Amino acid sequence: MSNKNVSLQYNDIDKALQKYRSTVKSGIVKEKKLEEFRKDLQSFDHHEQWYFEMDLVSQSITWSYAFEKWLGYQDEEPKGKPLDYITRYMHPFVADWYKCFFRAMILFFTQKEGVVHLKPRFVINIPLLHADGHYLLVKQMIMPFGINEDKKVVRFISSFSIFDEFQGEPLRPRIYGVDLKPDDQAWLTIRQTVFSCIKAAKNFKWNLDPYLINVLDSIQHLKKQGVKITDTAIEDHYLQLSKKDGLSQGTMHKFFARIIKQVMDLMNNANLTEKDKHLFPDVFYAAQARKKGNQEKGDQKRAIKFFYESGIIGVMLHHHSIIRQDQKQ
């Protein structure tokens, strides 16, 4: 990712995974049942769905089914390719963030005790390029698949389901526990790991003052209360905040424009081109407005919503929670 002040790097996660690979036993318990499961998946031949099996020891895809059929790349063979091979077909605007979330998820499962076969699930939405040149909205679900005699994860299985044409949907990374309910604590751990990917220059200062952090925290609070994060919810809430603190709507819009600038500094290919505007319209127009000095609140709120639901603002909030803790000590 090219930015002189801040970048996304996952070297620390890769080192931790390498340490795990060097010590974990590669043998799989109940290998025969895994083979039966693969055969069942192929017999169903699900519509617009394909599968990868990924091995942590060899760091490669060891089995795939129906990828060529549904994404259209007839001459491509995923078997033997790196674990994050799918990013070859992902839009570059979100690819680096995906790589961080993907690695953080794998690291989480390697460190978790008592992982259950096929039960915990990491889910994320991704834009993938079909061979005919258009992007598809695909939901990827990753589950522990091969467990060794020490009850450690050695393999994962991943399903990819095509939902529709991609129209700017957020990544929405989430994790479900053994009971298949949202696992907030696991998500917090993954978010902390993703935060470690953000590398800033020594002279770089985050341009988020305490009031702006409170705005972000308040959106997080809305989510915890069960309020759906929509344009209207954000509008109502930050107008309440502005009235409470005697700030004008114009000032609040400037705050949100600064959030967008800060997040855009963390995005690969941050300068989206004209050909990308139909894929990420809210982010594109918000970025264009910021460059021109405009404060169009509709575009800003929708862009904030995209970054929030993509898990990116949550990572930023983790960064500032550390700062606040340091200031209190």
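A few points about this structure:
- Some residue of region 89-109 being surrounded by fewer than 16 Cβ atoms within 10 Å (Cβ to Cβ), under 20 Å from residue 59 (Cβ atoms) and out of contact with any helix residue (DSSP H, G or I) (no Cβ under 6 Å at 6 or more places or on another chain): no
- Scope region 96-118; condition part of a loop (DSSP other than H, G, I, E, B) and more than 28 Å from residue 69 (Cβ to Cβ); matching residues: 112, 113, 114, 115, 116
- Matching residues, region 133-179, being in a strand (DSSP E or B), over 20 Å from residue 78 (Cα atoms) and β-branched (Val, Ile, Thr): 147, 153, 175
- Top-ranked residue in region 180-213 [being among the aromatic types (Phe, Trp, Tyr) and at pLDDT 75 or above; ranked as farthest from residue 100 (Cα to Cα)]: 187
- For region 75-85, the count of residues that are under 22 Å from residue 7 (Cα atoms) and not in a loop (DSSP other than H, G, I, E, B) is at least one.
- When residues of region 110-127 are limited to those that are under 20 Å from residue 26 (Cβ atoms) and of a type in the set (D, E, K, R), the one surrounded by the fewest Cβ atoms within 10 Å (Cβ to Cβ): 113
- Apart from one condition, residue 52 fits all of (1) without any contact (Cβ under 8 Å) to a residue 12 or more places away in the chain; (2) in a strand (DSSP E or B); the exception is (1).
- Residue ID - modelled with the highest pLDDT, chosen from residues in region 128-166 that are among the basic types (Lys, Arg) and surrounded by fewer than 19 Cβ atoms within 10 Å (Cβ to Cβ): 139
- Of all residues making up region 156-185, the number that are under 24 Å from residue 91 (Cβ atoms) and basic (Lys, Arg): 2
- If you check 66, 95 for being under 19 Å from residue 137 (Cβ atoms) and touching a residue at least 60 places away in the same chain (Cβ under 8 Å), only one passes: 95.
The values are calculated or read from the model by the stated rules, or taken from the named source; none is laboratory data. Note that this is a predicted model, so its numbers are computed, not measured. So basically every Cβ, Gly included, is an ideal-geometry build from the backbone, and we count neighbours across all protein chains shown.
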